Amino acid sequence: MSDVKTRMKVLRGLGVLLLICVAVIVGIATWLLKTESGLRFALNRAPELIAVEQIDGTISDLSFSNLSVTLDGALIKIKSGKLKWTIPDLLS
């Protein structure tokens, strides 16, 4: 009887741990995608190939000015632009 109770406690503990991990992952993803600080965090970790003078909004709805991207020696410059997307749009 004690062995079954121990297993149940372990399973319950693992379930709680899994729920906490999922909540943390969802929280981080929401912060990255839905806040301006998340956008700036992601931009600061982008490769040095990308440079932008000004950026506002969130990752899923942003506007920028003076974006430069260097790919295979080619320099691409965009004076200004807006980007708006949703995850369901990307999956369809």
(message) As I understand it, the dipole of the chain uses +1 on the Cβ of Lys and Arg and -1 on the Cβ of Asp and Glu, about the Cα centre. Which of VAL52, CYS21, LEU83 lies farthest toward its positive end?
(response) CYS21
(message) Under 27 Å between alpha carbons: how many lysine pairs meet that in the chain, if sequence neighbours fewer than 8 apart on the same chain are excluded?
(response) 4
(request) Round to the nearest 10 and give me the degree value, 0 to 90, for the angle of helix 2-34's Cα axis relative to the longest principal axis of the chain. (result) 10
(message) Taking the full set of protein chains and a 1.4 angstrom probe, give the accessible area of ILE25 in square angstrom, rounded to the nearest 10.
(response) 110
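Against the empirical 2.2 N^0.38 Å scaling, what ratio does the C-alpha Rg of the chain come to?
Values: Rg = 21.1 Å, N = 92, 2.2 N^0.38 = 12.3 Å.
Relative to the 2.2 N^0.38 Å estimate, the chain comes out at 1.72.
Mind checking the per residue accessible area of the chain for me, 1.4 Å probe, whole number of Å²?
Values: 7440 Å² over 92 residues.
Roughly 81 Å² per residue, with all protein chains present.
Pop out the carbon and sulfur fraction of the accessible area of the chain as a percent, whole number, probe 1.4 Å.
On the way: 4950 of 7440 Å².
The nonpolar share, carbon plus sulfur, comes to 67 percent.
The values are calculated or read from the model by the stated rules, or taken from the named source; none is laboratory data. Not measured: the values here are computed from a predicted model. Counting neighbours? That spans all protein chains shown, and the Cβs are built from the backbone with ideal geometry, glycine included. The accessibility values were calculated without ligands, DNA or RNA, using every heavy atom of the protein model including side chains. Shrake-Rupley method; radii C 1.70, N 1.55, O 1.52, S 1.80 Å.
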